[in-house]
Amino acid sequence: MEIPAHLDWSLQKRKDSGRQSSMRVMQKIASTLFSGFIFRPFLVFIIPGMALLLISLYPIAWTLIHTIRYYERISVAQPHLSFGFALSEAVAEAFKLSPHSFLVGGFALIFALQLISLGILAMQSKRYFEDIFHLGTTIYRHNREKGDE
């Protein structure tokens, strides 16, 4: 049976603040990162470490290229210099050209290696925990089966 009705929505309060979403994006991102850290803690460190390592390779490569170019110029201009002195002069000239490449590349490389090392340590710690957990449950089952006999 149908009941006729007149729907009047004009009495509803209107919000002037605009549309509001019921999705909690930041909460979802935080929970995903937290659960990712709990289940695969090494990825939280290794992925940013690898990305930072790739970023650090760019300024380091340019520094190396400039050093090699200056070394070739110095070894031709001053053939009496030994390899160590010529290389030292080439590094000094490359540093004068772009000191930021040395600093940014060096710091990024150090930080990337630290993140990758932390990821490896986290992976090792997780494996140790899993091995000890498996060993403990096996011993518990074995002792329980012995007690039942």
Residues satisfying the stated conditions in region 1-16, i.e. modelled with pLDDT of 75 or more and either among the charged types (D, E, K, R) or surrounded by 10 or more Cβ atoms within 10 Å (Cβ to Cβ) (or both): 2, 8
Options 77, 30, 94; residue that is among the small types (Gly, Ala, Ser), free of Cβ contacts under 8 Å to residues at least 24 places away in the same chain and over 26 Å from residue 125 (Cβ atoms): 77
Answer from 57, 33, 52 - the residue that is of a type outside the set (Ser, Thr, Tyr) and surrounded by 17 or more Cβ atoms within 10 Å (Cβ to Cβ): 52
Residue that is modelled with the lowest pLDDT [pool: residues in region 17-30 that are surrounded by 10 or more Cβ atoms within 10 Å (Cβ to Cβ) and not hydrophobic (A, V, I, L, M, F, W, C)]: 24
Unique match (being surrounded by 14 or more Cβ atoms within 10 Å (Cβ to Cβ) and either over 30 Å from the mean Cα position of the chain (by Cα) or more than 29 Å from residue 54 (Cα to Cα) (or both)) among 94, 108, 77, 90: 90
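The values are calculated or read from the model by the stated rules, or taken from the named source; none is laboratory data. Quantities reported herein were computed from a predicted structural model and do not represent experimental measurements. Note: ideal-geometry Cβ built from the backbone for every residue, glycine included; neighbour counts use all protein chains shown.
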